[in-house]
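I have placed the structure first, in the form of structure tokens, so that the comments after it can refer back to it.
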Amino acid sequence: HNAKEGIKKNSSLLNYVSLITADIYNKEEMHSTGKIMSDQVLSDILASFTINAHTASVLDPCCGDGNLLVSAYQRKKYLQHDVQYTHNQILNDITGIDIDPNLIQLSAFKLIGQDLNSVDSETQTNLSAHDFILSDDDNAYDAVVMNPPYLRNEDLSAKDKENWLDSIESTCENESFIRKVSQPNQYYYFIEKAIKKLSDNGVGAFILMSKFLNNKDGAPLKRYLLPYLEAVIHYPPSFFEG
């Protein structure tokens with residue numbers, strides 16, 4: 001009943017998928033696996049920071065239910081001006097990865113639904129369900145937008161951590177800065193891998209916990225980010241309530 005009434009009052013596709021997501025995952029389960037979905041307003045801001053041309057290739061390496069991908073689609077469409085990319089061409093420029101296949105399906109539904117009138121037999125998305133940190137994709141992207149999972153070091157298995165470090169070091173061809181961190185959160189691994197996916201002039205925008213700015217374990221991450229850094233935008237905690 002509540003879902004039906006909610007759709008009556010706001011029938012947007014994003015609200016509809018949010019209702020589905022809330023029905024599939026309760027908050028406790030999502031938090032226990034590090035899943036925090038991206039706020040749409042903040043997703044739009046990140047897309048505007050990173051995507052500067054309608055031809056930009058975009059990656060979200062932990063796309064969840066797709067809000068950042070939708071923002072990327074809308075930003076690319078906005079930047080077209082006199083050049084018209086088709087629905088399928090825009091979809092082809094956007095890549096999303098998530099380890100959860102259910103969330104990948106929700107993301108695909110949201111992306112394809114951005115222009116249902118243009119869907120045809122050629123329509124497809126570049127979305128896949130696997131562990132981004134272990135991926136060996138050698139593509140580079142003009143924009144990387146990301147809201148990585150937040151899981152404490154003690155909640156990560158030793159095997160996963162070593163496999164991730166091996167994968168990162170094979171990509172970066174040098175020792176990971178994470179080996180010098182005593183209590184790295186899971187998002188540290190995503191950051192190092194994601195930065196290496198940027199093209200030479202690429203831009204990344206990441207939603208991160210602010211703890212690393214002020215604690216001892218955050219020092220190696222700050223040193224790692226400093227050569228790349230253009231801005232830190234610190235949101236008040238109340239922005240993320242609920």
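The values are calculated or read from the model by the stated rules, or taken from the named source; none is laboratory data. Since the model is a prediction, treat every value here as computed from it, not as a measurement. As a convention, Cβ positions derive from the backbone with ideal geometry for all residues, glycine included, and neighbour counts pool all protein chains shown. Side chains included, ligands, DNA and RNA excluded: accessible areas come from the protein's heavy atoms. Shrake-Rupley method; radii C 1.70, N 1.55, O 1.52, S 1.80 Å.
For SER107, state whether it is open to solvent by less than 80 Å² (accessible area, probe 1.4 Å), in contact with an Asp or Glu (Cβ under 9 Å, 6 or more places away or on another chain) and within 30 Å of HIS54 (Cβ to Cβ).
Answer is yes for this residue.
Starting from region 44-66, take each residue that is within 18 Å of ILE195 (Cα to Cα) and among the aliphatic types (A, V, I, L, M) and list its partners that are open to solvent by 20 Å² or more (accessible area, probe 1.4 Å) and assigned to a helix (DSSP H, G or I), counting only C-beta distances under 6 angstrom and pairs at least six apart or across chains.
Listed pairs, sorted by first residue: ALA47/ARG75; ILE51/ARG75.
Looking at region 77-99, I want the residues that are more than 22 Å from PRO61 (Cα to Cα) and of a type in the set (S, T, N, Q) and have a partner that is at pLDDT below 95 and open to solvent by less than 90 Å² (accessible area, probe 1.4 Å) with Cβ atoms under 6 Å, at least 6 apart or on another chain. Which pairs are those?
Taking only residues 6 or more apart or on different chains, the pairs are GLN80/HIS54.
Counting only residues that are among the aliphatic types (A, V, I, L, M) and part of a helix (DSSP H, G or I), which one in region 85-103 is surrounded by the most Cβ atoms within 10 Å (Cβ to Cβ)? Even if it seems obvious, please write down each step before you answer.
So in region 85-103, the residues among the aliphatic types (A, V, I, L, M) come out as 90-91, 94, 97, 99, 103.
Within this subset, residues satisfying the condition of being part of a helix (DSSP H, G or I) are 90-91, 103.
Numbers: ILE90: 21, LEU91: 26, LEU103: 23.
Taking the candidates together, the pick is LEU91.
Report yes if GLU169 is without any contact (Cβ under 8 Å) to a residue 40 or more places away in the chain, in contact with a helix residue (DSSP H, G or I) (Cβ under 6 Å, 6 or more places away or on another chain) and closer than 22 Å to ILE97 by Cβ, otherwise no.
Values: without any contact (Cβ under 8 Å) to a residue 40 or more places away in the chain: yes; in contact with a helix residue (DSSP H, G or I) (Cβ under 6 Å, 6 or more places away or on another chain): no; closer than 22 Å to ILE97 by Cβ: yes.
Considered against the rule, which asks whether it is without any contact (Cβ under 8 Å) to a residue 40 or more places away in the chain, in contact with a helix residue (DSSP H, G or I) (Cβ under 6 Å, 6 or more places away or on another chain) and closer than 22 Å to ILE97 by Cβ, GLU169 comes out as no.
Which one is modelled with the highest pLDDT, of the residues in region 165-203 that are surrounded by fewer than 18 Cβ atoms within 10 Å (Cβ to Cβ), within 27 Å of ALA56 (Cβ to Cβ) and among the acidic types (Asp, Glu)?
Applying the filter and picking the extreme gives ASP200.
Can you tell me which of (1) assigned to a helix (DSSP H, G or I); (2) open to solvent by 40 Å² or more (accessible area, probe 1.4 Å) is the one SER121 doesn't meet?
(1)
Are there any pairs, at least 6 apart or on different chains, whose C-beta atoms fall under 7 Å, with the first in region 195-208 and free of Cβ contacts under 8 Å to residues at least 60 places away in the same chain and the second part of a helix (DSSP H, G or I), and if so, which?
Pairs found: ILE195/TYR228; LYS196/THR171; LYS196/CYS172.
Would you confirm, using the coordinates I've provided, whether ASP137 is under 30 Å from LEU229 (Cβ atoms), at pLDDT 90 or above, within 18 Å of the chain's Cα centre (by Cα) and of a type outside the set (Ser, Thr, Tyr)?
Working: under 30 Å from LEU229 (Cβ atoms): yes; at pLDDT 90 or above: no; within 18 Å of the chain's Cα centre (by Cα): yes; of a type outside the set (Ser, Thr, Tyr): yes.
Considered against the rule, which asks whether it is under 30 Å from LEU229 (Cβ atoms), at pLDDT 90 or above, within 18 Å of the chain's Cα centre (by Cα) and of a type outside the set (Ser, Thr, Tyr), ASP137 comes out as no.
PHE212 versus (1) within 18 Å of the chain's Cα centre (by Cα); (2) not in a loop (DSSP other than H, G, I, E, B): which is the lone unmet condition?
(1)
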